[in-house]
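In what follows, a structure is listed as structure tokens, so that the remarks can point back to it.
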């Protein structure tokens, strides 16, 4: 369990540390970070299921002008880890994730505030012409701080929180568990609705309903729906190109 806890802690550290975003921003999203958490903890299927529910909830997630409605990394990694530890239904992962992501906002504020210290130190080194000092301040302190604020808490949760999570879940009345599962099932729909609101193209809404009814009534799986969508997109593209060439 110690190795698993350390690996998840490193995952949480890398997902938050700004340097990791130069490699890939997929670390940020629950569908990937949550899945990796499940793999590390030996429950890849449960991890993927929990991550999928969490990802749908935050599908319309956006940070505007620095405003942070939730800490997505904490939601994905911490929420999935707690779901695996407790052995809860994947739908319950959403309730875990939303609560933890709100606490993650406070962690992020502390992270950003403390990181400003290294920025001033880097400015001082720059004035002195010390480029090695600038690189040091940019890379090392922020990585250590990320491990302290994000890595250590999830490591302690995995090491000492398994029995606590199971006992707590067992103490919760069944009616409350059912209610949380219901909320967990509804929240992904809210995420999809937020995404559709951002799209804002009314002429494309028909395709959304086409996909919905094709899934519900025609029982098409994801791959079949993807193929049909690709064909429709190709046809629309060629027709629009022909109209543009004809108009020219």
When region 219-248 is examined, which residues are found to be outside any helix (DSSP H, G or I) and exposed (fewer than 11 other Cβ atoms within 10 Å of the Cβ)? 219, 221, 248
Filter pass, residue 185 being surrounded by 10 or more Cβ atoms within 10 Å (Cβ to Cβ), in the same structural domain as residue 92 (by TED's automatic domain parsing) and at pLDDT 65 or above: no
Out of 81, 122, sole residue that is assigned by TED's automatic domain parsing to the domain that holds residue 8 and surrounded by fewer than 21 Cβ atoms within 10 Å (Cβ to Cβ): 122
Select from region 199-211 the residues that are within 29 Å of residue 98 (Cβ to Cβ) and either touching a helix residue (DSSP H, G or I) at 6+ places or on another chain (Cβ under 6 Å) or surrounded by 11 or more Cβ atoms within 10 Å (Cβ to Cβ) (or both) and write down the one among them that is modelled with the lowest pLDDT. 199
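Conditions (1) within 21 Å of residue 27 (Cβ to Cβ); (2) at pLDDT below 85, marked per residue:
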| residue | (1), (2) |
| --- | --- |
| 94 | yes, yes |
| 125 | no, no |
| 152 | yes, no |
| 163 | no, yes |
| 175 | no, yes |
Does residue 23 count as surrounded by fewer than 20 Cβ atoms within 10 Å (Cβ to Cβ), at pLDDT 85 or above and in the same structural domain as residue 107 (by TED's automatic domain parsing)? no
Among the residues that make up region 136-150, is at least one of them assigned to a helix (DSSP H, G or I), over 27 Å from the mean Cα position of the chain (by Cα) and surrounded by fewer than 18 Cβ atoms within 10 Å (Cβ to Cβ)? yes
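The values are calculated or read from the model by the stated rules, or taken from the named source; none is laboratory data. Since the structure is predicted, the reported quantities are computational estimates derived from the model, not experimental observations. Neighbour counts run over all protein chains shown; Cβ positions are idealised from the backbone, glycine included.
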